[in-house]
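The values are calculated or read from the model by the stated rules, or taken from the named source; none is laboratory data. As the structure is a computational prediction, the values presented were derived from the model and not from experiment. Methodologically, a virtual Cβ is constructed for each residue, glycine included, from the backbone with ideal geometry; neighbour enumeration extends over all protein chains shown. To get the accessible areas, we keep the full protein, side chains included, count just its heavy atoms, and leave off ligands, DNA and RNA. Shrake-Rupley method; radii C 1.70, N 1.55, O 1.52, S 1.80 Å.
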Amino acid sequence: MATTAPDSRAHGVGFRSERGPVLAALMLCTGLVALDSTIIATAVPSIVRDLGGFAQFPWLFSIYLLTQAVTVPLYGKLADLVGRKPVMFFGIAVFLLGSVLCGIAWSMPALIAFRALQGIGAGAVQPMSMTVVGDLYTVEERAKVQGYLASVWGISAVIGPTLGGVFSQYVSWRWIFFVNLPLGIIASIVLARRFRENVTNRTSHRIDYVGAALLTVGCSLLILGLLQGGVSWAWVSVPSIGIFVVAIVLLVTFVLVETRTAEPVLPLWVFRRRVLTGGNLATVGVGALLIGLSSYIPTYVQGVLGTGALVAGFALAALTIGWPLSATFAGRVYLRIGFRSTALLGSVIVMTGAALCAMLPEHAQVWQAGGACFVVGAGLGLMASPTLVAQQSVVRWERRGVVTGANMFSRSIGSAIGAAVFGAIANSTLAGRLAHPPAAVSAALGGRGVDATSLVLGGGLPTGDSRVAAFVRDSLYGASHHVFLALVVVAVLAATALLLMPHRTEELVFD
């Protein structure tokens, strides 16, 4: 395949160059995915207040990340068949359709289904943006262009939670989805007018639909069992055991299918080398840590500390400020002490930050929560970058894309499963406490169970029910505290995974 732009090699890289409008459009497309990954976090309490379903809200993160992760490899192969432009437009259209449906969702199950549709679109938008950059820019130019795209993630990470808080507190949480429409439409118009590709020498690929289906259904059932176990049915029950057994069988079948498929959706060789296995397992931990903080810090700050959505957004933004600051220095550090040592240093900082989260009291100050998030973010910046660069440095050019894709997949799967595990912990804690409330508040709760948290989240509790508010807030604090303790465990496991990586990677280039 060849994709060309008018006089692409003869012009500069910035926005004023011939390719500037295309670059701006790609940044908008990247912004769609990046913003939607963070903006919903601070809106969750408001969504729960309007739609109910606190026990199901982790699905809003899990299903989006899962459908995005499993479709990325499929879109990559389709792009080689039909070109980047059609796949990009398809992804934008599906993402915007999902956004509109999310904005008009009438129930939590409907919103979850529409988030899955959004994820299917995001699975095309993100990798196609990176691929188009590779088509339009030379090797020397890509480093600068990647800086433009990376800045989108940094900006979105900071303004996303804050913008979500503003919409939730002063307008409506539904606008966090509607805001995608003008961005997507502008990006589509610019790409249609300015991006030209000449598709030649189409590569013949066999799409691994069977592998993708097995992976999607297997992971979905695993997440379903984790989220609903102990809430909709007992952990030791026929539905629970049946779901987990079927999920395991499907995932084992997926591994067997991938060993026999010519072009697997997820090549298993990326898990057969120490540097790749250790790096990918650590990246799973990074994804889980991110989703854990993104999901439950806003819930803790709003539901337990009693602040507004905007303040919760600022607390979470501290995480995204610490990450880029430490990532900026990561390159200098790993050139001196090596990839693994730098990542291990980051893991120690992450464990410290997770411990600070676990030690947050029920009546903490918001700055304490923000400070703990900042420490975790600083550690993640030192973990994620050296891990990825180490993985890319040990494979040849033709396999670098596969390794990078596997790293992205690992983070997304880590976030999806992490949301399910943390959701199971929170739901089990809340279900246990709210199942046996004190007599003084039992009548006011009205048998709502876990969804009694909606009385506190979003300010849905009448002023006369202070005892109910105190009880529900105490229960919500217990759930958040248990999640934060689980974050410490995940941080320790991620650090352990890094020990699988060798001390030196310079001489480990392999086919």
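Tabulated data
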{"item": "Computed E for V252/R193 - FRET, C-beta separation, R0 45 angstrom, nearest 0.05", "result": "0.40"}
{"item": "Potential lengthening between V236 and F271 on full extension [0.36 nm per residue; Cα-Cα distance subtracted]", "result": "9.4 nm"}
{"item": "A262-V171 FRET efficiency (beta carbon distance; Förster radius 41 Å; 0.05 resolution)", "result": "0.20"}
{"item": "Surface share of carbon and sulfur [accessible, 1.4 angstrom probe, percent] for region 19-100", "result": "76"}
{"item": "Pairwise FRET efficiency - V217 versus M359, Cβ, R0 = 30 Å, nearest 0.05", "result": "0.15"}
{"item": "Protection-proxy order for peptides 324-334, 419-429, each taking the mean of Cβ atoms within 10 Å per residue, highest first", "result": "419-429, 324-334"}
{"item": "Where region 239-325 is the region considered: accessible area per residue in Å², 1.4 Å probe", "result": "36"}
{"item": "A24 versus Q368: modelled label distance in nm, points set 7 Å from Cα along the beta carbon direction", "result": "4.7"}
{"item": "Extended-chain gain in nm, criterion 0.36 nm per residue less alpha-carbon gap, L81 and L485", "result": "140.8 nm"}
{"item": "Share of carbon and sulfur in the accessible heavy-atom surface of region 208-365 [1.4 Å probe, %]", "result": "73"}
{"item": "Relative packing of 371-384, 482-495, which averages over residues the other C-beta atoms within 10 Å, highest first", "result": "371-384, 482-495"}
